[in-house]
Amino acid sequence: MPRFTEALEAFLTQRTVVGDTALPMHYAHVECLEAFQVGFRTHGHTGASLVSETAGDWHPDWYVIALTGLDDPIFIAASGAEQGYPVYTAVHGAGRWDAVRIAPSLEQFGRLCRRWQRRRMTTTSTP
């Protein structure tokens, strides 16, 4: 497992839950990031590798950092450190993985999640 930056540790520690099923609801624990890859990078029963560079397969560079309420993965590419780890998602259960970039960096994604969380708390607490 590659060594990630403090930015990833900070993001995972904040564990911002917005309350929307399309956004992160379940976060990896920093010390258990490898275990969070089961079902994506490795088979859950056999431990066999599921990574491949074939289009539609789980790419060797991808690491799941959170799951949405629909169990879709939120992930980063290990090689994206210089860009601040762009954030991606893909639909779980579609028979293939088609990554969609949802934020230009992990820091910006964290800020957006916190903003959405505050907005949701403000609109739900107002009668």
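Bear in mind that the values in this text are calculations on the coordinates, not laboratory data. Remember, it's a predicted structure, so these values are computed and weren't measured experimentally. Cβ placement follows ideal geometry from the backbone for every residue including glycine, while neighbour counts extend to all protein chains displayed.
A few points about this structure:
- At full extension, Ala94 and Gln14 could sit 25.8 nm farther apart than now, given 0.36 nm per residue minus the alpha carbon distance.
- Crossing angle, helix 106-125 versus the chain [Cα axis fit, 0-90 degrees, rounded to tens]: 40
- With K and R counted +1 and D and E -1, the other residues having a Cβ less than 15 Å from that of Arg114 yield a net charge of +4.
- Approximate spin-label separation Ser52-Ala78, in nm, with each point projected 7 Å along Cα-to-Cβ: 2.0
- Here the simple spin-label model places points 7 Å from the Cα toward Cβ, and for Arg115 and Val30 these points are separated by 2.6 nm.
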